[in-house]
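The values are calculated or read from the model by the stated rules, or taken from the named source; none is laboratory data. Note that the coordinates shown come from a computational prediction; the quantities given were computed from them, not determined experimentally. With ideal geometry, Cβ positions are generated from the backbone for all residues, glycine too; neighbour counts draw on all protein chains shown.
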There are 2 protein chains.
Amino acid sequence: MKKIINSTEKVVDEMLEGMLRAYPGHLKRAPGTKRTVMLAEAPIEGKVAIITGGGSGHLPLFLGYTGKGLLDGTAVGDVFSSPSSNEIFKLTQAVHGGKGVLYLYGNYGGDIMNFDMAAEMAEEEDIETATAIGTDDVASAPPGEKQKRRGIAGILYAYKIAGAKAASGASLQEVKDFTDRAIENTRTMGVALSPCTIPAVGVPTFSIGDDEMEIGMGIHGEKGVERGKLKTADEIAETMTTRVIEDLPFKSGDEVSVLINGLGATAPQELFILFRKVSMILEDAGIKVYKPFVGEYATSMEMKGASISLCKLDTDLKTLLDAPSYSPFLLQQM
Amino acid sequence: MKKIINSTEKVVDEMLEGMLRAYPGHLKRAPGTKRTVMLAEAPIEGKVAIITGGGSGHLPLFLGYTGKGLLDGTAVGDVFSSPSSNEIFKLTQAVHGGKGVLYLYGNYGGDIMNFDMAAEMAEEEDIETATAIGTDDVASAPPGEKQKRRGIAGILYAYKIAGAKAASGASLQEVKDFTDRAIENTRTMGVALSPCTIPAVGVPTFSIGDDEMEIGMGIHGEKGVERGKLKTADEIAETMTTRVIEDLPFKSGDEVSVLINGLGATAPQELFILFRKVSMILEDAGIKVYKPFVGEYATSMEMKGASISLCKLDTDLKTLLDAPSYSPFLLQQM
């Protein structure tokens, strides 16, 4: 395992310390917590607060989306492990601006359990919460069983829509409704070429042949839908985009945002080669591309692979997608 | 070699096609060229234009810095190969807004030859050019031989300062002077843990033991200053930061921007762990950190490693570093 770390036990805490040292004017810890960050100016009075969270090892997910016009706070756990309910609760108290708190995270058992427990604690303190859960991964369950689908990179759209809606002064119910709409309109499919290594485990999360790829594999190495020889970029784009299009289904005349996400060790040039073909397929299908995102938005440390997400837009969602936002991590301060 | 590509010959052209498809309102090709991009609104009348270029395979370097308040145009070659002088010249004609063109790129023989030839062609067309060359890599030659030093990730500061100064309406000489000041104030040192593979070559650029690292290795795998066992993040930060500080030298009371750059396959959490220690070392040395950058700014495809850059700021440089800029690639449109 080749990583630039000090010890496997300290990875998460030292990463967080580094991030807080890097962006002191923008981010701070919630009082009494170790593994949370929140906006320096939170709580924002009269605004619905939004919290996300999940396992570490997916940067910019989850911490990197803490920002203005995005999320008010984020709680993380160990690498690929859920944050604690107690820390989520304390973060909830810290960011609550009097208008309720939306919990927005991916569909994983441990995360659901801990966010639900935090919601119960918040209720006892008279803090209203609502929950929206990302379920964009079409490879993880059939269309009829959406509640079983995992949340992956497509949660980007839910973050952006939720953040913009909350910033507009909307109520908790309105923010939840728009967030749910973004989630319902988003579909993702991934491909993995090589595994990553959880520091505390020390061995790769799965093994795969030097000439193989696995379509539909999850970002923690969950089993995909098809393992086979590594295909060309165009073939991979075709397989994944077709599955994504058929699932919603996206139709001629639709307008979509496209996200080509790198899992960590995939060079940006490969992501643009994928986007090239995806945009051709969409063009042929009469689907118009609006504001694509090409880069690393949800990673699995040094895993090699990519995912393709489509989010169907309407006038409301477009306006919210275009709303200004700022995260010190994502905007990289250029 | 596991890459998401169609063929080794098409990597650069298809990557460019993908990028132009992704950002059509922002970027276009210079007329008569295949491997350039320029701002959609260029030439900008009455503004000094800035052009960079170099080999492909380093995204966001070089293409990604084409943007408002940054660079007007970029020419690239094959992976790790210089752009052609003819394309640089055509790009020069296309972006020239009547106030001259600054060529700003890293210190590599092929790039110098081709940019110099383009400058001669431009002179024949009465287009004034000036040149500034990035030489931030302290590992590549001793302090007395700065003209031999390679340019690596620290060129980010030269781009930002040059772009902001040009946007302010300055003359070609003024833009060059400020760019040279940014270059003179910037020092970088890198470490490599694993190699990358040039698509057309098909085998890794170098070999290194499973438990080894090489301090000072260049971004194309050029020999470094010290190969040894992989050390801890804090030890790596200490070695590299000390070398960088001593080289300028940076002194107590100085204010610096810090860039922790990932080479491609290094997880963002490792970069923040490095930043944590670098910021402690600077604190102890009485050097104040202003606006750090932590992320991937100059990569070598799937190479694992990182670099640490410091740029000494003064009042002018701080103002220019804070000036607004926008690149569709870098800002990722959040």
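Per-structure values
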item: Hey, B:Ala139 more than 21 Å from B:Arg29 (Cα to Cα) and either in the same structural domain as B:Val201 (by TED's automatic domain parsing) or buried (at least 24 other Cβ atoms within 10 Å of the Cβ) (or both) or not; result: yes
item: Test for B:Ile51: is it crowded, with 24+ Cβ neighbours inside 10 Å and in a loop (DSSP other than H, G, I, E, B); result: no
item: Tally, over segment B:180-199, of residues that are within 14 Å of another protein chain (Cβ to nearest Cβ) and among the polar types (S, T, N, Q); result: 2
item: Of residues in segment A:289-307 being touching a residue at least 40 places away in the same chain (Cβ under 8 Å), within 7 Å of chain B (Cβ to nearest Cβ) and in a strand (DSSP E or B), the one farthest from the chain's Cα centre (by Cα); result: A:Lys304
item: Residue that is surrounded by fewer than 19 Cβ atoms within 10 Å (Cβ to Cβ) and either closer than 23 Å to A:Glu222 by Cβ or of a type in the set (D, E, K, R) (or both), where the choices are A:Glu41, A:Glu87; result: A:Glu41
item: Count of segment A:2-11 residues which are within 7 Å of another protein chain (Cβ to nearest Cβ) and among the polar types (S, T, N, Q); result: 1
item: Close pairs (9 angstrom Cβ cut-off, 6 or more residues apart or separate chains): at positive phi and small (Gly, Ala, Ser) in segment A:168-179, surrounded by 14 or more Cβ atoms within 10 Å (Cβ to Cβ) and not in a helix (DSSP H, G or I) anywhere; result: A:Gly169/A:Lys47; A:Gly169/A:Val48; A:Gly169/A:Lys99
item: Residue match in segment A:48-63 (condition: away from every other protein chain (no Cβ under 14 Å) and without any contact (Cβ under 8 Å) to a residue 60 or more places away in the chain); result: yes
item: Residues located in segment B:64-87, provided they are of a type outside the set (D, E, K, R) and more than 20 Å from B:Lys47 (Cβ to Cβ); result: B:Gly64, B:Val76, B:Gly77, B:Val79, B:Phe80, B:Ser81, B:Ser82, B:Pro83, B:Ser84, B:Ser85, B:Asn86
item: Residue among B:Leu59, B:Leu70 that alone is modelled with pLDDT of 95 or more, over 23 Å from B:Val175 (Cα atoms), surrounded by 22 or more Cβ atoms within 10 Å (Cβ to Cβ) and not hydroxyl-bearing (Ser, Thr, Tyr); result: B:Leu59
item: Test result for A:Met213, more than 12 Å from every other protein chain (Cβ to nearest Cβ), in contact with a helix residue (DSSP H, G or I) (Cβ under 8 Å, 6 or more places away or on another chain) and on the phi < 0 side of the Ramachandran plot; result: no
item: Of residues in segment A:314-332 being at pLDDT 90 or above and crowded, with 18+ Cβ neighbours inside 10 Å, the one nearest to B:Tyr157 (Cα to Cα); result: A:Ser327
item: Residue list for segment B:249-263, filter: of a type in the set (Gly, Ala, Ser) and either part of a loop (DSSP other than H, G, I, E, B) or at pLDDT below 95 (or both); result: B:Ser252, B:Gly253
item: Segment B:197-248 - residue that is at pLDDT 95 or above and among the basic types (Lys, Arg) and, of those, surrounded by the most Cβ atoms within 10 Å (Cβ to Cβ); result: B:Arg243
item: Top-ranked residue of segment A:9-48 - restricted to ones that are of a type in the set (Val, Ile, Thr) and in a loop (DSSP other than H, G, I, E, B), ranked as farthest from A:Asp72 (Cα to Cα); result: A:Thr33
item: Among residues of segment A:264-282, those that are in a helix (DSSP H, G or I), in contact with a strand residue (DSSP E or B) (Cβ under 7 Å, 6 or more places away or on another chain), over 19 Å from B:Thr8 (Cα atoms) and not polar (S, T, N, Q), counted; result: 2
item: Scope segment B:243-271; condition in contact (Cβ under 8 Å) with a residue 60 or more places away in the chain and more than 14 Å from chain A (Cβ to nearest Cβ); matching residues; result: B:Arg243, B:Val244, B:Ile245, B:Asp247, B:Leu248, B:Phe250, B:Glu255
item: Pairs with Cβ under 7 Å, 6+ apart, first in segment B:12-23 and more than 7 Å from every other protein chain (Cβ to nearest Cβ), second surrounded by fewer than 24 Cβ atoms within 10 Å (Cβ to Cβ) and part of a helix (DSSP H, G or I); result: B:Tyr23/B:Pro328
item: Among the candidates B:Thr186, B:Thr129, residue that is among the β-branched types (Val, Ile, Thr) and over 25 Å from B:Asn86 (Cβ atoms); result: B:Thr186
item: Considering residues of segment A:64-89 that are out of contact with any helix residue (DSSP H, G or I) (no Cβ under 6 Å at 6 or more places or on another chain) and in a helix (DSSP H, G or I) only, the residue farthest from A:Phe329 (Cα to Cα); result: A:Asn86
item: Yes/no for B:Gly54 being assigned by TED's automatic domain parsing to the domain that holds B:Arg150 and closer than 15 Å to B:Leu91 by Cβ; result: yes
item: Any chance B:Leu310 is more than 7 Å from chain A (Cβ to nearest Cβ), more than 16 Å from the chain's Cα centre (by Cα) and not basic (Lys, Arg); result: no
item: Flag for A:Arg187 being part of a helix (DSSP H, G or I), touching a residue at least 24 places away in the same chain (Cβ under 8 Å) and either on the phi < 0 side of the Ramachandran plot or of a type in the set (Gly, Ala, Ser) (or both); result: no
item: Among the residues listed as B:Val79, B:Val12, the single one being within 30 Å of A:Ile208 (Cβ to Cβ) and buried (at least 24 other Cβ atoms within 10 Å of the Cβ); result: B:Val79
item: Filter result (assigned to a loop (DSSP other than H, G, I, E, B) and either among the hydroxyl-bearing types (Ser, Thr, Tyr) or over 24 Å from B:Phe272 (Cβ atoms) (or both)) within segment B:219-235; result: B:His220, B:Gly221, B:Glu222, B:Lys223, B:Val225, B:Thr232
item: Unique residue being in a strand (DSSP E or B) and not hydrophobic (A, V, I, L, M, F, W, C) when the list is A:Glu174, A:Glu214, A:Glu145, A:Glu123; result: A:Glu214
item: Hey, B:Thr92 assigned to a strand (DSSP E or B) and either without any contact (Cβ under 8 Å) to a residue 60 or more places away in the chain or closer than 27 Å to B:Phe80 by Cα (or both) or not; result: no
item: Any hit, segment B:230-242, residues being away from chain A (no Cβ under 14 Å) and within 15 Å of B:Ser300 (Cα to Cα); result: no
